[in-house]
Each structure stands twice: as C-alpha cells, then as structure tokens.
Amino acid sequence: MADAVFLTLLILHVGSIVGWMGGAVLFVSVLSPSLRRMTPPSRTEFIRSTIPAYTRFVGATTIIAVLSGLLLYVYSTQIAPALGPSSSGLPYVQGGAIVALVVVIIAFAVTIPSSRKLVSFVKQGPPNDQTAAEVGGLQKRLGIAAQAGAGLLGLTLILMIIGASI
C-alpha cells in the first residue's frame, strides 16, 4: 500500500510546480507579447487587473512548491528512506533543488517586486514620458525574469525526473 504522507506531499509538490512553471510559461508566451501589442489605455487596465493576481499566484505556488519539496525531501530521506531517491539519483534531485532555489531568488528579488512596482506606476494615473519609460523597463524585466524562470524550472524538472528514475 502506498504511503499516504508521501503521496500527499508528492501531489502537493508536483501540483505547485506545475502551477509555478505554467505561470512562467504563460507570462513568456502570452502575457508579455500581448502587453507589447496593446494600446496604452488597454495595457494600463490589463496591468491593473491581471498583474496583481499573477504576482499572488507566483508567490503562492513558489512557497508551496518549496515547502512541500523540503518536506518531501526530509520525509523520503529521513523518515521513509525506501521511498526516497537512490544514492545515484540523489545528486540529481539535490542539483534540481539548487537550480530551483535560483528561480526562487529570481521570483522574490525580481518578478514580484517588479510586478508590484509596475502596478503602482499604472495606478498613479496617465503616464508621463519618464513613467512610460519605467513601465517599459519593468515589463522587459518581467519578461526576462519569466524566461529565465521557465528555462531554469525546465532544467529543474529534468534533473528531478532523472533523480527519481535512477
């Protein structure tokens, strides 16, 4: 019979990773290109209504993924080692965790603060030339952070699958 704690942690971890990675891919493939093509009034309304929810989603899925991953790691290596990765797979899992940590840093040092600053700029009213330049720079920064995050999360996924498989 399957271990209920292990399965719960695994489902929570994988589900939050899917959300986290999906959010990054959505931003890179849909939101960022759409923002570039919108008229300034449409862009302002879109940023006001969508970016705060996106920021909360990224923060929540990141935190849930990290916490459930740590608990899963401790549970599968300390409490139920038969469920953990093999000794040859463990370095891949640990490498994936290190890469994921870099994405966490990107999320909390770049993505979330830039998103909040972007929303605050558009809430101030019609943009002047300096504000418009700042908004453009923030959008570009968010796009780059999302691209880096999606790519690194893809690498993390590969490392974790290899580590769990061997």
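The values are calculated or read from the model by the stated rules, or taken from the named source; none is laboratory data. Treat the numbers as computed from the prediction; the structure is a model and nothing was measured. Neighbour counts run over all protein chains shown; Cβ positions are idealised from the backbone, glycine included.
Can you find even one residue in the stretch 78-99 that is surrounded by fewer than 17 Cβ atoms within 10 Å (Cβ to Cβ), of a type in the set (Phe, Trp, Tyr) and in contact with a helix residue (DSSP H, G or I) (Cβ under 6 Å, 6 or more places away or on another chain)?
no
Within the stretch 40-60, is there a residue that is over 14 Å from GLY149 (Cβ atoms), at pLDDT below 95, of a type outside the set (S, T, N, Q) and not in a helix (DSSP H, G or I)?
no
Yes or no, residue by residue, for (1) among the hydroxyl-bearing types (Ser, Thr, Tyr); (2) in contact (Cβ under 8 Å) with a residue 40 or more places away in the chain:
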position	(1), (2)
ILE17	no, yes
SER42	yes, no
THR61	yes, yes
TYR73	yes, no
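Of the residues SER120, SER86, SER76, which single one is outside any helix (DSSP H, G or I) and among the polar types (S, T, N, Q)?
Every option except SER86 fails the conditions.
May I ask you to verify whether THR55 is in contact (Cβ under 8 Å) with a residue 24 or more places away in the chain, under 21 Å from PRO113 (Cβ atoms), in contact with a Lys or Arg (Cβ under 9 Å, 6 or more places away or on another chain) and surrounded by 13 or more Cβ atoms within 10 Å (Cβ to Cβ)?
So THR55 fits the description; yes.
Does the stretch 28-35 contain any residue that is surrounded by fewer than 14 Cβ atoms within 10 Å (Cβ to Cβ), out of contact with any Leu (no Cβ under 9 Å at 6 or more places or on another chain), farther than 30 Å from TYR73 by Cα and aliphatic (A, V, I, L, M)?
There is at least one residue in the stretch 28-35 that is surrounded by fewer than 14 Cβ atoms within 10 Å (Cβ to Cβ), out of contact with any Leu (no Cβ under 9 Å at 6 or more places or on another chain), farther than 30 Å from TYR73 by Cα and aliphatic (A, V, I, L, M).
When the residues of the stretch 126-153 are filtered to those that are within 30 Å of GLY96 (Cβ to Cβ) and small (Gly, Ala, Ser), which remaining residue is surrounded by the fewest Cβ atoms within 10 Å (Cβ to Cβ)?
GLY151
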